[in-house]
Amino acid sequence: MGCCFQMERKCDFIPLLRGCQFPAENLIKWNGETYCEFHLPLEAKVKWDLGKIDGFNAKIKNFFTAADNRVIDLSGVIFPGFVEFEKTHFPDVSFQGATFSGEANFQGASFSGNAIFFRASFGRHASFEGASFRRLVGFGGAIFSRHARFQGASFSEEASFKGASFRNIAIFYGASFSYYVSFKGATFNDKADFSGMNNDGTDSFSFSAFDDAKFSGGADFSNRTFNKATSFKDATFAVAPKFHNCVLHPDTTFPEQSAFQDTTSPHAADAYRTLKQAMAGIHAHHRQQMFYALEMKSRRSQPETPWMEKLLSRLYEETTDYGQNLLRPLGWLMLLGYGFWLGYFMVNHDHPGAAIGFSVAQVVRPFAVWGGVEPNSFAATLLSQSPGIVLTLATLQSILSSALIILFLLAVRRRFKLQ
């Protein structure tokens, strides 16, 4: 009886077995099951000394030689300590479901075939600095518990990090993506650095998808050129993302305003200003308005912003959501009309209908009360009863109503203005 290891290998482009791929030698009993030393659970390896770990890694290297450039299947292997694959050449290789309990060093490694790391788990730092991936790459569902370093790595064909979990810093600084790359549903618990090394536009993304990704730390995409369609649909950003010195493709999708949760950090206003300008550059007018609103809210939270600017910013947000909401100023107009009607009704309880008409008149004919009123009219009756109160209320209503109408018209103009 051989190793009990079984795994459903989800890989269409590398033919893999379901069971253990290693010879049935040196089998070990553990918790009533039989394992080869490669699939032996980590709990059974925790007391291995450095010499035994080195011997284990040497056997893995020998397995490479035996593969003779055929598919290297290391699916489900439990690596008990530090793993050294620096500058190693890999043909088609699968680390699907593998566990790296120590640091994993793939710096400068060359993957000439397909590289599969589906559901792999990296317990400590994982370094792929300067690695070259020439065929399909799959890190879907992988877990990076510590730093994940991909700076300077190159991805020549499709790369998938769908559903990957980056629980510490993720560094893709200067990495090149020549074809489609997906981070759909990926989670970034700390800083995610996708910035480019150069500021000349040479560090680029091709087709890229960050749909449903969750950025809990800072996300930096500065100095990048997005040459193809890019999607951040339904992504969330707990910290204002940086896109400084970026060139965005016209087919770029961002989530709704609520997905950008940061309006208090010191850099937030600058980050949203950059995105506002980028949206103007690709004529994405609605998103330009959204980032303008986020910029204004972020400025308001900063201690150095003058109090008058903060007050006006708050009023602008409450009345029109910085020009994004067409109905809000109309709603405020109706609410004010009702409030002032109550004031006129308190002066004269006998004619509630006439009080409504007088309130509407201050909206459609502002300040008319100062131009004289017809004798025996309801307006004349109000003025005769409490001239100071009525003139004050009517003037205030005219001012506020005119301001709301102007804000409504400006919002309409901003919404439908041809860029």
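Laboratory data are not the source of any read-out in this text; all were calculated from the coordinates shown. Because the structure is predicted, anything quoted here is derived from the model rather than measured. In this analysis, Cβ positions are derived from the backbone assuming ideal geometry, glycine residues included, and neighbour counts consider all displayed protein chains.
Work out from phi, with θ = phi - 60° and the Karplus expression 6.51 cos²θ - 1.76 cosθ + 1.60, the ³J(HN,Hα) of each residue of the range 231-238, listed in order in whole Hz, and give x for Gly and Pro.
10, 10, 4, 6, 6, 10, 10, 6
If you place +1 on the Cβ of every Lys and Arg, -1 on the Cβ of every Asp and Glu, and leave all else neutral, what size is the dipole of the chain about its Cα centre, to the nearest 20 Debye?
For the chain, the charge dipole is close to 280 debye.
Do the sum for the chain: with -39,500 (n - 2.57) for every DSSP H run of n ≥ 4, divided by all residues, what is the mean residue ellipticity at 222 nm, to the nearest 500 deg cm²/dmol?
Value at 222 nm, helices only, nearest 500: -10500 deg cm²/dmol.
Could you give me the ³J(HN,Hα) list for the range 124-133, computed from phi with Karplus coefficients 6.51, -1.76, 1.60 and θ = phi - 60°, whole Hz, x at Gly and Pro?
Ordered by residue, 3J(HN,Hα) equals 10, 4, 10, 10, 10, 4, x, 5, 10, 10 Hz.
Using the alpha-carbon atoms, what tilt in degrees (0 to 90, nearest 10) does helix 268-281 show relative to the longest principal axis of the chain?
Tilt of helix 268-281: around 90 degrees.
Eigenvalues of the Cα gyration tensor times 5, then square-rooted: what semi-axes does that give for the range 327-416, in whole angstrom, largest first?
27, 13, 10
Counting alpha carbon pairs within less than 8 Å and at least 6 residues apart, what relative contact order, in whole percent, applies to the range 327-416?
Dividing the mean separation by the residue count of the range 327-416 yields 38 percent.
Return the long-range amide H neighbours of Ala131 (sequence gap of 5 or more, or a different chain), with a cut-off of under 5 Å between placed amide H atoms.
Gly108, Ala109, Ala153, Ser154
Using packing as a proxy for protection, rank 236-242, 365-371 so that the peptide with the highest average count of other Cβ atoms within 10 Å comes first.
236-242, 365-371
Please work out the C-alpha center-to-center distance from the range 88-126 to the range 353-367 and express it in whole Å.
Centre-to-centre (Cα) distance: 75 Å.
Can you tell me, using C-alpha contacts under 8 Å and at least 6 residues apart, the relative contact order of the range 70-320 as a whole percent?
In percent, rounded to a whole number, it is 9.
Need the list of lysines near Lys184 for cross-linking: C-alpha distance under 28 angstrom, and skip anything on the same chain fewer than eight residues off.
Result set, ordered by chain and number: Lys10, Lys162, Lys214, Lys228, Lys233, Lys242, Lys276.
Could you state the orientation-averaged shadow area of the convex hull built on the Cα atoms of the range 147-304, in nm² to one decimal?
Averaged projected hull area, Cα only: 8.3 nm².
If amide hydrogens are placed 1.01 Å from N in the peptide plane, which non-local residues have theirs closer than 5 Å to the one on Lys242?
Ala219, Asp220, Phe221
If you plug each phi of the range 299-306 into the Karplus form 6.51 cos²θ - 1.76 cosθ + 1.60 with θ = phi - 60°, what whole-Hz ³J(HN,Hα) values come out, in order, with x for Gly and Pro?
Coupling constants for the range 299-306: 4, 5, 7, 7, x, 7, 6, x Hz.
Please determine, in degrees from 0 to 90 and to the nearest 10, the orientation of helix 307-320 with respect to the longest principal axis defined by the Cα atoms of the chain, where the helix direction is its Cα long axis.
Roughly 90 degrees, rounded to the nearest 10.
Sort 248-254, 268-274 for me by packing, meaning the mean count of neighbouring Cβ atoms within 10 Å per residue, highest on top.
Output ranking for 248-254, 268-274: 268-274, 248-254.
How about the range 176-231: which trypsin sites (Lys or Arg not before Pro) there lie in a loop by DSSP and see at most 14 other Cβ atoms within 10 Å?
Listed in order of number, the matching sites amount to none.
How many angstrom lie between the Cα centre of the range 218-252 and the Cα centre of the range 143-196?
Cα centres, the range 218-252 to the range 143-196: 14 Å.
Cα axis of helix 352-364 to longest principal axis of the chain: angle in degrees, 0 to 90, nearest 10?
Roughly 70 degrees between the two axes.
Compute the semi-axes of the equivalent ellipsoid of the chain, taking the square root of 5 times each eigenvalue of the Cα gyration tensor, and list them largest first in whole Å.
That gives 67, 22, 17 Å for the three semi-axes.
Rounded to whole Å and sorted largest first, list the principal axis extents of the Cα atoms in the range 24-64.
Here the Cα extents, ordered largest to smallest, are 29, 23, 12 Å.
So for the chain: antiparallel DSSP bridges make up what percent, rounded to the nearest 5?
Beta bridges within the chain, antiparallel portion: roughly 5 percent.
Could you rank the peptides 300-306, 108-114 by their average count of other C-beta atoms within 10 Å per residue, with the highest value first?
In descending order of packing, they fall as 108-114, 300-306.
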